[in-house]
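Undergrad: Could you have a look at this structure, given as structure tokens, before my questions?
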Amino acid sequence: MQLNSKDSIGLSATYNNIAILYRIQGNTPQAYKYNQMSLEINEKLGLKSEVAKSYSNLGRVYDMEGRYAKAADSYRKAMHINKDAGVTNTIPMVNLGYLYTEMGRFDDAENLFNQALLIDEANNSRSRLIIVYEALEKLYLKRKNFPKAYQYRSVMDSIDNLITSNELEQYKLLLQNQMSLFKGKQELERIKSNSKNTRILLIVLVLLLLFIVVLFLQKLKLSRVRNERNQLEMEQKILRSQMNPHFIFNALSAIQYR
């Protein structure tokens, strides 16, 4: 879809994600391939922060392959690009620090971790601070300085607990908001239901009224018809009563003159 729509930014992100999946699987050739594809797009678009991410990810691939010089060079490129672009991303710095830790360059590693610590503290990035403190803990475990390692572990746990506490508060707030929305929706549904019931009742009342009116008109019409019929019968009776004496008189007269 991104290729068809020529969505270069989206395509670069997708290539990067594919590269990460291959790296997790340990398939470094494929990870390298997709990281390079992502890097080429980012360089063409001039997205410096994304270029830095690509170099940092390439460094991880080189690191996995044991090509430490290449890995260190990629991390340093990422750090240099971020610095020029004014981006405060400590990931390549910490990655290089981890590499130095594995290579036994403890002082260089500690220097990088401390730089990352200052940046993440200034940005109040608690999740990143945990990563840096964990890196320092591992560094001092490598140095066999267990009290210092324990100190960083304690700080890391404190931050982790604070983050967890904040996340719980945010989750509670989210639940409260969801409950408010749910209650509001229920109230709206209740109002709609009441309105619907009111309309139905109104329609029933109107139909009942129409039925009563029609029934009344029918009864009125029937009464009028009955009255007209009674009047007609009465007129016929009167007419017959008028005709009977004439008939008798004529009959008697006829008999008399015979």
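The values are calculated or read from the model by the stated rules, or taken from the named source; none is laboratory data. Keep in mind the model is a prediction, meaning the values are calculated, not measured. Note that each Cβ is placed from the backbone with ideal geometry, even for glycine, and that neighbours are counted across all protein chains shown. Accessible surface is based on the protein model in full, side chains and every heavy atom, while ligands, DNA and RNA are left aside. Shrake-Rupley method; radii C 1.70, N 1.55, O 1.52, S 1.80 Å.
Undergrad: Across the stretch 126-150, which residue is nearest to Tyr98 (Cα to Cα) among those that are among the β-branched types (Val, Ile, Thr) and without any contact (Cβ under 8 Å) to a residue 40 or more places away in the chain?
TA: Here the residue is Ile131.
Undergrad: With respect to Glu187, determine if the residue is open to solvent by less than 100 Å² (accessible area, probe 1.4 Å) and at pLDDT 70 or above. Step through it out loud before you land on a result.
TA: Numbers: open to solvent by less than 100 Å² (accessible area, probe 1.4 Å): yes; at pLDDT 70 or above: yes.
Yes, satisfied.
Undergrad: When you look at Glu167, is it surrounded by 10 or more Cβ atoms within 10 Å (Cβ to Cβ), modelled with pLDDT under 65 and not small (Gly, Ala, Ser), yes or no?
TA: Numbers: surrounded by 10 or more Cβ atoms within 10 Å (Cβ to Cβ): yes; modelled with pLDDT under 65: yes; not small (Gly, Ala, Ser): yes.
Taking the combined requirement at face value, the residue satisfies it.
Undergrad: Given (1) small (Gly, Ala, Ser); (2) open to solvent by 30 Å² or more (accessible area, probe 1.4 Å); (3) under 20 Å from Glu102 (Cα atoms), where does Gly46 come up short, assuming only one miss?
TA: (3)
Undergrad: Please go through the stretch 30-60 and pick out each residue that is within 11 Å of Ile9 (Cα to Cα), touching a Phe, Trp or Tyr at 6+ places or on another chain (Cβ under 8 Å) and among the polar types (S, T, N, Q).
TA: Ser38
Undergrad: Can you pull out every residue in the stretch 190-215 that is open to solvent by 100 Å² or more (accessible area, probe 1.4 Å) and modelled with pLDDT under 80?
TA: Hits for the stretch 190-215 are Arg190, Lys192, Lys196.
Undergrad: Got a sec? Which of Asn123, Asn89 is open to solvent by 20 Å² or more (accessible area, probe 1.4 Å), under 22 Å from Ala52 (Cβ atoms) and in contact (Cβ under 8 Å) with a residue 40 or more places away in the chain?
TA: Asn89
Undergrad: OK, next. Looking at Ala72, is it surrounded by 19 or more Cβ atoms within 10 Å (Cβ to Cβ), in contact (Cβ under 8 Å) with a residue 24 or more places away in the chain and over 24 Å from Ile24 (Cα atoms)?
TA: No: the conditions fail for Ala72.
Undergrad: Next question. For Thr28, all conditions in the list (1) out of contact with any Asp or Glu (no Cβ under 7 Å at 6 or more places or on another chain); (2) at pLDDT 90 or above; (3) open to solvent by less than 60 Å² (accessible area, probe 1.4 Å); (4) not hydrophobic (A, V, I, L, M, F, W, C) hold save one; what is the number of the exception?
TA: Among (1) out of contact with any Asp or Glu (no Cβ under 7 Å at 6 or more places or on another chain); (2) at pLDDT 90 or above; (3) open to solvent by less than 60 Å² (accessible area, probe 1.4 Å); (4) not hydrophobic (A, V, I, L, M, F, W, C), Thr28 violates only (1).
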